[in-house]
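Quick notes on the structure that follows.
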Amino acid sequence: MATEKTSTPSMDSNSVTIRDSIIITDPEIARVLLHEDKKKIVSLLIKNREMTIQQLSIDTQINPGTIKRYIDDLQLHNIVFLSKTTRSEYNIKMKYYCAIAKKFLINIHISGEN
Amino acid sequence: MKNVTRTNPFSDLKFSSRLLFKNYKPFLKMQLFAIALTLIIFFIIIGIGFVYRVIFNREVNEPVRYIIGAFISIFGGFITVFLSTSNGLAVDLIDSGDEFTEFRNAFRYFGKFWWQYFLVTIIVFGFPHAVQGFFTEPRIRDIIQGASWEKFMIYEAIGLIISYIWYSLFMCVYPSLTVQGNLKHAFTENFRILKNGSSRVFGTWAIFFLVFQVPTYIFASLTLIFHASPFGIFWVLFMLLNLFVGTPLQYLVAAGMYFNIPFERFKPLD
């Protein structure tokens with residue numbers, strides 16, 4: 001993965017910087033990102049800045065368990081991160097997830113050279 | 001962490017009902033799994049009985065009946081303990097951070113806490129059931145033999161009140177055990193909850209009992225007294241309501257109170 005531009009850091013818990021854009025050069029990460037539902041999730045996270053699994057489930061109409069597995073995979077590949085954890089009025093813990101960049105660009109070169 | 005102290009005893013039931021409504025699927029799967037398992041065991045017993053009686057042409061004598069009875073009791077206990085893992089699912093909903101849970105997590109909790117849940121289930125559910133059985137079973141026989149039903153109703157009410165007090169005293173052991181993972185800590189925390197929110201605990205369980213338990217016992221008694229089928233239908237309906245709504249709701253209510261009543265915890269919530 002290569003960084004193109006960065007904006008001001010704003011993440012509180014893990015002091016993760018949200019970048020303006022990221023160029024993906026790793027085919028494995030590109031494969032994860034190009035998965036239809038994961039792409040939808042990342043797109044929603046970019047649009048809404050941070051969301052919970054429940055919110056993502058409502059917006060995508062995907063089962064929260066599946067969303068959780070997708071989020072775990074996206075976290076594993078450093079595409080999204082846990083931005084904050086809060087408690088609701090009834091003390092229900094809520095984890096918010098955020099994309100690490102506002103834009104993801106895929107740049108993969110295939111050539112005959114070794 | 002915010003700790004919300006509520007004075008309205010309806011609030012715990014309201015929030016728990018909302019949580020159950022939004023996440024009914026894993027709890028429903030648990031009840032259906034328990035029913036399916038019960039039916040399988042039922043047919044196995046019927047099958048064994050058939051083979052014993054018809055194929056081997058042997059009488060089902062007293063020791064065999066005793067073995068079958070013991071087997072049914074052990075299986076009933078196992079199902080009750082398995083259903084108590086609903087409490088783990090309730091804790092997942094409130095404390096996992098993902099606001100959802102899955103049916104398969106029940107097996108994870110069962111594997112992790114099976115003997116602790118077994119002990120707690122004996123204390124929380126075993127004792128009141130034994131008391132109710134002690135008070136009402138002989139009266140049921142009396143009623144069948146035509147004795148007066150007023151006495152039966154009084155004993156039934158006493159059994160119900162003892163159950164209510166007992167549930168109120170111990171139900172919060174479940175969520176505490178799941179969160180803390182220690183039986184001794186769970187009982188200590190349970191009593192701390194009672195100390196800090198006794199009116200809320202007793203008030204909430206009073207409403208729960210009035211909504212779920214009292215109608216079941218009233219219709220069960222009316223069915224027994226009048227031998228009337230319309231009451232029997234309501235009895236069955238309330239039993240189903242208890243199984244599919246009351247059972248998961250009681251664990252959600254207990255978990256809700258555990259996370260919302262402020263008290264000194266062994267391991268603080270993050």
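For segment A:36-76, which positions are touching a residue at least 40 places away in the same chain (Cβ under 8 Å), outside any helix (DSSP H, G or I) and open to solvent by less than 50 Å² (accessible area, probe 1.4 Å)? Those that are touching a residue at least 40 places away in the same chain (Cβ under 8 Å), outside any helix (DSSP H, G or I) and open to solvent by less than 50 Å² (accessible area, probe 1.4 Å): A:Glu50, A:Met51, A:Thr52. For segment B:98-125, name all the residues that are in a loop (DSSP other than H, G, I, E, B) and over 21 Å from B:Phe21 (Cβ atoms). B:Arg104 - this is the single residue of segment B:98-125 that is in a loop (DSSP other than H, G, I, E, B) and over 21 Å from B:Phe21 (Cβ atoms). Residue by residue through segment B:115-129, note down the ones that are open to solvent by 60 Å² or more (accessible area, probe 1.4 Å), of a type outside the set (Val, Ile, Thr) and under 16 Å from the mean Cα position of the chain (by Cα). B:Phe118, B:Leu119, B:Phe127, B:His129, listed by residue number.
Just one of (1) in contact with a Gly (Cβ under 7 Å, 6 or more places away or on another chain); (2) buried (at least 19 other Cβ atoms within 10 Å of the Cβ) fails for B:Pro9. It is (2). Each residue in segment B:102-114 was checked for being open to solvent by 20 Å² or more (accessible area, probe 1.4 Å) and within 14 Å of chain A (Cβ to nearest Cβ), and 5 pass.
Is it the case, given these coordinates, that A:Arg31 is without any contact (Cβ under 8 Å) to a residue 60 or more places away in the chain, under 16 Å from B:Asp98 (Cβ atoms) and open to solvent by 40 Å² or more (accessible area, probe 1.4 Å)? Here the answer is no, as A:Arg31 does not meet what is asked. Among the residues of segment B:210-241, just one is farther than 22 Å from B:Pro128 by Cα, among the aliphatic types (A, V, I, L, M), open to solvent by less than 60 Å² (accessible area, probe 1.4 Å) and outside any loop (DSSP other than H, G, I, E, B), namely B:Ile225.
Hey, any hits in segment A:79-100 for a residue that's within 12 Å of the chain's Cα centre (by Cα) and open to solvent by 70 Å² or more (accessible area, probe 1.4 Å)?
no
Is there a residue in segment B:226-244 that is within 21 Å of the chain's Cα centre (by Cα), within 19 Å of B:Ala90 (Cβ to Cβ) and in contact (Cβ under 8 Å) with a residue 40 or more places away in the chain? Yes: segment B:226-244 contains one or more residues that are within 21 Å of the chain's Cα centre (by Cα), within 19 Å of B:Ala90 (Cβ to Cβ) and in contact (Cβ under 8 Å) with a residue 40 or more places away in the chain. Summed over segment A:86-114, residues that are assigned to a loop (DSSP other than H, G, I, E, B) and either away from chain B (no Cβ under 14 Å) or touching a His at 6+ places or on another chain (Cβ under 8 Å) (or both) total 11. Looking at this structure, is B:Ala255 within 14 Å of chain A (Cβ to nearest Cβ), in contact (Cβ under 8 Å) with a residue 60 or more places away in the chain and closer than 16 Å to B:Asn87 by Cβ? Yes; evaluated as a whole, the condition is true for this residue.
No other residue among B:Arg65, B:Arg53, B:Arg18, B:Arg58 is part of a loop (DSSP other than H, G, I, E, B) and either farther than 21 Å from B:Thr121 by Cα or within 14 Å of chain A (Cβ to nearest Cβ) (or both) apart from B:Arg58.
Tell me which residues, restricted to segment B:55-71, are open to solvent by less than 90 Å² (accessible area, probe 1.4 Å) and aliphatic (A, V, I, L, M). Correct list: B:Val60, B:Val64, B:Ile68, B:Ala70. Filter segment B:76-101 for residues that are without any contact (Cβ under 8 Å) to a residue 40 or more places away in the chain and away from chain A (no Cβ under 14 Å); which is farthest from B:Thr178 (Cα to Cα)? For segment B:76-101, the residue satisfying everything is B:Gly76.
The values are calculated or read from the model by the stated rules, or taken from the named source; none is laboratory data. Given the structure is predicted, the values throughout are model-derived calculations rather than measurements. Heads up, the Cβs are rebuilt from the backbone with ideal geometry, glycines too, and the neighbour counts pull from every protein chain shown. Ligands, DNA and RNA are stripped out before the accessible areas are found, and what is left, the full protein with its side chains, is counted by its heavy atoms. Shrake-Rupley method; radii C 1.70, N 1.55, O 1.52, S 1.80 Å.
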